[in-house]
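Working notes for the structure below.
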Amino acid sequence: MTTENSTSYTPSACSAMPNNLRSRTPLCCLGALTAAAMLAGAPASADVFDDIGFTALKARLGVPNLPTGAGYGVGQVEAEESPGNYGPNTANPEFSGKTFVPQNGAFGNSGHATSVGLALYGNVSSIAPGITNISVWNAGTWATTSFLKTNQGATPPAFPPAGMRIFNHSWIGSFGSSFLDNDALRRFDFEQNRDNVLAVVGTNNGAGSAPSALVGYGYHALTVGLANGQHCNAITPTGLDGQLRRKPDVVAPGSFTSFATPIVGSVAALLFQTTDLDAGLAGNPNADKATLIKTVLLAGTTHRPGWTNNPVSRGPTRGQTSTPLDPLYGADLVNVDRSHYILTGQEQNGSAAIPGNRTIIDRGWDWIPTIASNASVYYRFTAYDETDEVSILASWNRSVGTTFANFTLMDIDLYLHKVTGAGIVSLVGDRGTFAGGNVSSISTIDNVEHLYVTGLAAGDYVIEVKRKSGAQATMPVALAWFMTDTGPLGDLNDDDHVDAEDLAILLGGWGIDGPANLNGDSIVDALDLAILLGAWTG
């Protein structure tokens, strides 16, 4: 029997699951793993690489410039498949050149852990083959004595190994006690914030399946579901912090969430390494913040047909929502190409007053160290023509006390306004400026707000990040955005200017079809040159 004064686990909760659920659930309760977990996951197919934007990223950057996750260590936390067997098969050829560091003593082979490893850092099956240092934990020991230190009062979690920036958790579980589950989740969030670590965690498998407290209902991690929707999307279970919050945050392809989760982790690894490879990011200490990487990843997702965060569709509150993400798909399908595009758009700072001129281009991000109570930060952009998609997302962490007995969470709202001769005007209720989506995101319980707008008319606009009144501890806010087709015709490098750099791109593509084919006649020639020169801004 698990009590609030004990950190032991009983495997009965998992083994007592109905057979029809257990047979499709490679995620597990702590201390026990279902038989289906031993199914080996197939290596990622070309279709998966296409779906998550990796093929597009590779084509855009070229192989020599492609990030691989090199230089960033990962932590792989796995439940035991059988006593002592919770680590990947280190003899697998795809793990050649990898260094595995057991954190809980020597481990035996687990088919589940091997499949997770293939997707996370496999030399062929992963988009992040450059990951070479892998720390491996037993999930039950990780949650209790060796890392989180659950139910140990003010004793803080352990520190991760040097160089480890990503945790992968392809398991589920519960202590069977809201007190202990909350204590574990607060420690989980505390550690990620303290150590600048990003965790990716899987939700339960099966549409309509029961939620499990650990570890998908924390605030800071990226909780991962399946692109086909066959996963648990229940509200936060009774007794846990943040009632009514819904997971997952993002989805990825996979047969089970166990194997979709490391795909998201591999995307995060590529983004982390990009902060070293890109000259503009390498000198910016804000670029590799885990919360910023999480925000960039969520803002860059592919919103597929049917995705909705349920905005009001008509009337005076048209375009307003209090549920930032889709109730089943979260921010939707991870897209490493779009997220890389956002990250390399560089940091673009907001201002405390409404800007008089454009301050941001069509993709980028900002790290906002502080927003005072009842204050706002503003960003202004120009859409030169109708914009098909505008994705803007803010996220922030909760502040967990050092005794883990309490926490505070700022209430942030996100708005899109239109600039007029008289100042800025709310787009809520507007029927002519945008075709669909939401222009106001005002959740009171989440630590993410998301604007997703389709068919935005040409014009000048202002993004407002507003902190509501409150005495909660101040935490940084990360903001990221991605917009399609906002620049002037002829802006080939998406810096909102038509200048010598764009001319060089056009001349480099002369005589063939490509991005510089401005008039759509399948060849770059003098007609396109005339269009570019006519739009010249210098």
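The values are calculated or read from the model by the stated rules, or taken from the named source; none is laboratory data. Computed from a predicted model, the values in this text were never measured in an experiment. Neighbour counts are summed over all protein chains in view; Cβ atoms, including those assigned to glycine, are modelled from backbone coordinates with ideal geometry.
Here are the numbers for the structure shown:
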read-out	value
Any hit, the stretch 461-483, residues being over 30 Å from residue 398 (Cα atoms) and in contact (Cβ under 8 Å) with a residue 24 or more places away in the chain	no
Total residues in the stretch 383-415, condition among the hydrophobic types (A, V, I, L, M, F, W, C) and without any contact (Cβ under 8 Å) to a residue 24 or more places away in the chain	1
Of residues in the stretch 294-326 being charged (D, E, K, R) and part of a loop (DSSP other than H, G, I, E, B), the one modelled with the lowest pLDDT	314
First in the stretch 221-239 and assigned by TED's automatic domain parsing to the domain that holds residue 253 and farther than 23 Å from residue 182 by Cβ, second anywhere and of a type in the set (Phe, Trp, Tyr) and not in a strand (DSSP E or B), Cβ under 7 Å, 6 or more apart	229/329
Yes/no for residue 446 being crowded, with 17+ Cβ neighbours inside 10 Å and among the charged types (D, E, K, R)	yes
Residue within the stretch 241-248 that is in contact (Cβ under 8 Å) with a residue 40 or more places away in the chain, under 17 Å from residue 171 (Cα atoms), assigned by TED's automatic domain parsing to the domain that holds residue 197 and surrounded by 24 or more Cβ atoms within 10 Å (Cβ to Cβ) present	yes
Filter result (out of contact with any Asp or Glu (no Cβ under 8 Å at 6 or more places or on another chain) and of a type in the set (Phe, Trp, Tyr)) within the stretch 378-410	384, 396
Hits in the stretch 283-306 (condition: among the small types (Gly, Ala, Ser) and touching a Lys or Arg at 6+ places or on another chain (Cβ under 9 Å))	290, 299, 300
Subset of the stretch 470-512 [out of contact with any Lys or Arg (no Cβ under 9 Å at 6 or more places or on another chain), of a type in the set (Val, Ile, Thr) and assigned to a strand (DSSP E or B)]	none
Candidate set from the stretch 289-321 (those that are among the β-branched types (Val, Ile, Thr) and farther than 27 Å from residue 418 by Cβ); member that is farthest from the chain's Cα centre (by Cα)	291
Conditions (1) buried (at least 16 other Cβ atoms within 10 Å of the Cβ); (2) at pLDDT below 95: number failed by residue 138	(2)
Answer residue from the stretch 410-433, given it is of a type in the set (A, V, I, L, M, F, W, C) and over 26 Å from the mean Cα position of the chain (by Cα) and is surrounded by the most Cβ atoms within 10 Å (Cβ to Cβ) among those	427
Residue that is surrounded by the most Cβ atoms within 10 Å (Cβ to Cβ) [pool: residues in the stretch 186-210 that are farther than 23 Å from residue 134 by Cα and touching a strand residue (DSSP E or B) at 6+ places or on another chain (Cβ under 8 Å)]	205
Test: residue in the stretch 323-342 that is closer than 18 Å to residue 480 by Cβ and of a type in the set (S, T, N, Q)	yes
Residue 225, sole failed condition from (1) assigned to a loop (DSSP other than H, G, I, E, B); (2) farther than 30 Å from residue 432 by Cβ	(1)
Residues being among the hydroxyl-bearing types (Ser, Thr, Tyr), touching a strand residue (DSSP E or B) at 6+ places or on another chain (Cβ under 8 Å), in contact (Cβ under 8 Å) with a residue 40 or more places away in the chain and in a loop (DSSP other than H, G, I, E, B) - total across the stretch 347-376	1
The stretch 52-65, residues that are free of Cβ contacts under 8 Å to residues at least 60 places away in the same chain and in a loop (DSSP other than H, G, I, E, B)	62
Tally of residues being closer than 26 Å to residue 269 by Cβ and either in contact (Cβ under 8 Å) with a residue 60 or more places away in the chain or aromatic (Phe, Trp, Tyr) (or both) across the stretch 300-344	23
Residue tally, condition of a type in the set (A, V, I, L, M, F, W, C) and surrounded by 19 or more Cβ atoms within 10 Å (Cβ to Cβ), over the stretch 67-99	4
Test: residue 291 is polar (S, T, N, Q), buried (at least 24 other Cβ atoms within 10 Å of the Cβ) and modelled with pLDDT of 95 or more	no
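Quick grid of which residues meet (1) within 28 Å of residue 207 (Cα to Cα); (2) surrounded by fewer than 19 Cβ atoms within 10 Å (Cβ to Cβ); (3) in contact (Cβ under 8 Å) with a residue 60 or more places away in the chain:
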{"residue": "266", "(1), (2), (3)": "yes, no, yes"}
{"residue": "271", "(1), (2), (3)": "no, no, yes"}
{"residue": "286", "(1), (2), (3)": "no, yes, yes"}
{"residue": "295", "(1), (2), (3)": "yes, no, yes"}
{"residue": "298", "(1), (2), (3)": "yes, no, yes"}
